[in-house]
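Dropping a structure here in C-alpha cells format, bear with me for questions.
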Amino acid sequence: METAVATTAASTIVYALEPRIDAEELLEFYRAQHHPTPKSPEKIQHMLKNSDCFVAAREPSGALIGVARGLTDGVRGYLVECKLDPRYQGPAAVTRTDGRIEHDDQGIARALALRVLLALRDMGCERIDVLAYGTEVDFCEELGFRRSSGMVALSLDPARLPQAAN
C-alpha cells in the first residue's frame, strides 16, 4: 500500500493507494452522502475486488473523507469514481449532499483523482476516459480530460434485459 501525507493550510490529509478497504466503512461513507450504491457489503466487496486501483483520503484520525477508483483492461482506463465528503467540498460545489467530483478548498478531490490517473498510466493505459456531470466537467477538464467529439454517453439497466434465448 502506497501512503502519502499532504498538509494543507487547514489540516493534514493522508492518501493511500489501498488494494482493499473495509466494505462496511465504504458503505457508510456512501450512505452519509446519500449516494445510490449497492445495499450490501458483499456487493461493495465484489466491486472493490474488481477495481484495479482504489485511493482513499483520510483525516489524521483515520476517518474516511474521500475515495477515487479506477478500472482498466490494460489498454483503456476509466476513472469511475471520485467522491468527497460534503464537509470538504468548497464554495464551488453545486450541492453539499451528494459527494460528486467537485472543486474543494484543499484540492483533496484533485489529489485523489490524480493518484488514480497516475496508477492507471503506470498499469499501461494508453487512454483514460471518464463520464462527468455538471460541475464535474470543469473539474475533469482541469485534470486534463478533453471532450470527445461524436461520443454519446449511454447507460443500460441490466434488469431490463430480456432472458437469454435457449
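Throughout, read-outs are computed from the coordinates displayed, never taken from laboratory work. Computed from a prediction, not measured in an experiment: that's the story for all the values here. Here Cβ is always computed from backbone atoms with ideal geometry, including for glycine, and neighbour counts include all displayed protein chains.
Run the simple label-point estimate for Glu59 and Arg146 please: 7 Å along Cα→C-beta, distance reported in nm.
The answer from the label model is 4.1 nm.
Compute the FRET efficiency between Glu28 and Leu161 as 1/(1 + (r/R0)^6), taking r as their Cβ-Cβ distance and R0 = 35 Å, and round to the nearest 0.05.
With a Förster radius of 35 Å, E is 0.65.
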